[in-house]
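A short worksheet on the structure shown next.
Rule-based calculations on the coordinates, nothing more; no lab input. The structure displayed is predicted, hence computed values, not measured ones. Neighbour counts are summed over all protein chains in view; Cβ atoms, including those assigned to glycine, are modelled from backbone coordinates with ideal geometry.
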Amino acid sequence: MKKLIFLSSIIFSSYSFSLEGSSFACDPKKFLSEDNMTKVLVHRDSAFNICLNCEGESCAFKNELLSEENSLAICKRLFCTASFASRGFEIPPEIPRGRSSFTYHYSISKEGKVIDIDVDKSEGVFSTKDARKFVQALTRKTRFSPINFEGNTYKLTNLSSEMTINTRLGQE
């Protein structure tokens with residue numbers, strides 16, 4: 001258990017998410033307290049049509065938000081800040097140790113889970129398969145509050161992120 005916590009703290013200190021650029025990303029390790037999440041959910045209905053384009057049971061952030069930094073920040077806070085994220089996680093044992101960078105696309109299910117992880121490219125010790133397994137392990141316990149509007153529940157799609165990590169232990 002101590003090794004898991006130690007390993008998690010090393011990895012957390014050595015990875016970063018790139019949330020800028022021409023994509024929409026939700027940080028899977030940043031979450032709101034229950035009290036703050038309750039306050040955020042109060043404002044979702046009024047921002048639903050401002051922030052999201054929906055078709056069927058799927059929604060995506062409006063592209064116009066990319067040029068409106070403040071609006072994008074508010075929309076992300078309302079629709080893609082996790083309600084729970086584990087402080088630690090177990091790296092799959094078959095994942096190689098060392099530095100890697102990768103970009104990936106994903107969705108948040110109607111139940112609030114990270115799904116449809118698709119790694120575009122990976123550089124360093126991780127293959128695209130390793131990167132996918134790593135993101136799955138990282139987000140396994142992460143939960144987002146489901147998007148409900150006018151009696152319907154929606155999946156949030158078209159999310160992407162970049163990650164740079166070092167999974168090497170301190171003494172390796």
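Worth pointing out:
- Note on Lys141: aspartates and glutamates with a C-alpha under 18 Å away, same-chain residues under 8 apart excluded, are Asp27, Glu34, Glu90, Glu111, Asp116.
- Amide H contacts of Arg168: Gly98, each under 5 Å away and 5 or more positions distant or on a separate chain (H built 1.01 Å from N in the peptide plane; Pro and chain starts excluded).
- Taking a ≥ b ≥ c as the square roots of the eigenvalues of the Cα gyration tensor, an a/c ratio of 1.5 or more together with a/b larger than b/c marks region 26-166 as prolate.
- Distant-in-sequence amide contacts of Leu52, defined by a placed amide H-H separation under 5 Å and a gap of 5 or more residues or a different chain, comprise Lys62.
- In terms of surrounding Cβ atoms within a 10 Å radius of their Cβ, Ser33, Ser122, Ser71 rank from fewest to most as Ser33, Ser71, Ser122.
- Cβ-derived FRET efficiency at R0 35 Å, Arg87 paired with Asn63, nearest 0.05: 0.55
- Which listed pairs, of Lys76/Lys110; Lys113/Lys133; Lys76/Lys113; Lys62/Lys129, have C-alpha distances above 18 Å, in listed order: Lys62/Lys129
- Ranked Lys155, Lys29, criterion: other C-beta atoms within 10 Å, fewest first: Lys29, Lys155
- Computed lengthening from Arg44 to Arg77, 0.36 nm per intervening residue step minus Cα-Cα distance: 10.9 nm
- Neighbours of Thr103 by Cβ distance under 11 Å: Lys/Arg scored +1, Asp/Glu scored -1, total -3.
- In order along region 33-50, the phi-based Karplus estimate (6.51 cos²θ - 1.76 cosθ + 1.60, θ = phi - 60°) of 3J(HN,Hα) comes to 5, 4, 4, 5, 5, 4, 5, 5, 4, 4, 9, 4, 4, 5, 9, 3, 6, 7 Hz; Gly and Pro are listed as x.
- Take every Cα pair under 8 Å whose residues are at least 6 apart in sequence, average their separation, divide by the length of region 26-172, and the relative contact order is 30 percent.
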